1. Filter the stretch 152-163 down to the residues that are open to solvent by less than 40 Å² (accessible area, probe 1.4 Å) and part of a helix (DSSP H, G or I), then identify the one that is nearest to Ala116 (Cα to Cα).
2. Would a scan of the stretch 7-17 turn up a residue that is basic (Lys, Arg), in contact with a Gly (Cβ under 8 Å, 6 or more places away or on another chain) and open to solvent by 80 Å² or more (accessible area, probe 1.4 Å)?
3. What is the number of the single condition among (1) in contact (Cβ under 8 Å) with a residue 60 or more places away in the chain; (2) within 17 Å of Asn35 (Cα to Cα) that Gly208 does not meet?
4. Would you be able to say whether some residue in the stretch 38-50 is out of contact with any Phe, Trp or Tyr (no Cβ under 8 Å at 6 or more places or on another chain), under 17 Å from Val148 (Cβ atoms) and open to solvent by 30 Å² or more (accessible area, probe 1.4 Å)?
5. With the condition kept exactly as written, say whether any residue in the stretch 191-212 is modelled with pLDDT of 95 or more, under 18 Å from Asp110 (Cβ atoms) and among the aromatic types (Phe, Trp, Tyr).
6. Trp281 passes all but one of (1) in a helix (DSSP H, G or I); (2) over 18 Å from the mean Cα position of the chain (by Cα); (3) over 22 Å from Val22 (Cα atoms); (4) modelled with pLDDT of 95 or more; which number fails?
7. Specify which of the listed residues (Glu130, Glu122, Glu83, Glu53) is surrounded by fewer than 23 Cβ atoms within 10 Å (Cβ to Cβ), farther than 26 Å from Arg28 by Cα, among the charged types (D, E, K, R) and at pLDDT below 95.
8. Which one of these is under 22 Å from Asp107 (Cβ atoms) and either modelled with pLDDT under 95 or not small (Gly, Ala, Ser) (or both): Tyr247, Tyr256?
Amino acid sequence: MIPPIANRFVAGEGPAQALEHVQRLNERNVAAIVNLLGEHYDERPPVRSDAGEYRALAGDIANSDLEACISVKPSQLGLDLGENVFREELWGVVDAAAEHGVFVWIDMEDYTTTDATLDAFEDLAREYGETGRSSSDQGSDAGVGLCVQANLKRTRADVERLADVPGKVRFVKGAYNEPADVAYQDSERINREYETLLEYAFEHYDGGIAVGSHDPAMIDRAIELHEQHGTDFEIQMLMGVRETAQYDLAEEYSVYQYVPYGDRWKSYFYRRVTERKENVWFALRAILGR
């Protein structure tokens, strides 16, 4: 039973299957954030392999003329091997993607990776600038974005720090089971933090806000803030979750679907479901179409 369930959340094992899924999304006016599954490598070869596939994927997206970008995980690009390895591989991926005019999102993982991820993003964003261009002649759609998590107690300060950084920021509630000394544990408190972060961003950011949420209340609040401040934003949701809502929202707003693929689908599926007890019900609701 696992493969049919996983197929709802994972686009396939290879890039061709993922891009076929992206094409179908584009036909419904939904763009895609494509992610090759993989994380927490403790050896260099898989890091090099995944970085190489991301570079090739950027070319495939550009050559296919698809509305899509890519998303990488720090531990996938060698952060567990050292910050120097992570930066070397990340810069290589972003530079290759920029040559093809493809945007790169940097996912946020558990709290131990936050500082290294923030620092790398800020350096990259300032290097590529508001147009997404570095010093060479690169595509205008290139650039970088970062994910921040509302459950972390430090995030308010991080969001203020990022206000003048020329990159995009994705706001999520946070899926990792973090310790109580660094993260809020109560869902109501996390919701309040999420809304507070959105309010700050829509008021102080020039644009580049991504609302990564399936919560109708938070999406509605983002729309209200957009109408109030005029700040550009996009809505991001996972593959397999509230897809009808994604298509409906795409009739009026910019919507992206997070599209994972790869042969590590089992670990992705199990980890997403078991990380927090809320994710079990989240997955069940998605499977039932609620």
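The values are calculated or read from the model by the stated rules, or taken from the named source; none is laboratory data. What you see is a predicted model, and the numbers here were worked out from it, not measured in a lab. Here the Cβ positions follow ideal geometry from the backbone for every residue, glycine too, while neighbour counts run over all protein chains shown. Accessible surface areas use protein heavy atoms only, side chains included; no ligands, DNA or RNA. Shrake-Rupley method; radii C 1.70, N 1.55, O 1.52, S 1.80 Å.
1. Per the stated criteria, the residue is Asp158.
2. yes
3. It fails just one condition, (2).
4. no
5. no
6. (4)
7. Glu130
8. Result: Tyr256 is the single residue among Tyr247, Tyr256 that is under 22 Å from Asp107 (Cβ atoms) and either modelled with pLDDT under 95 or not small (Gly, Ala, Ser) (or both).
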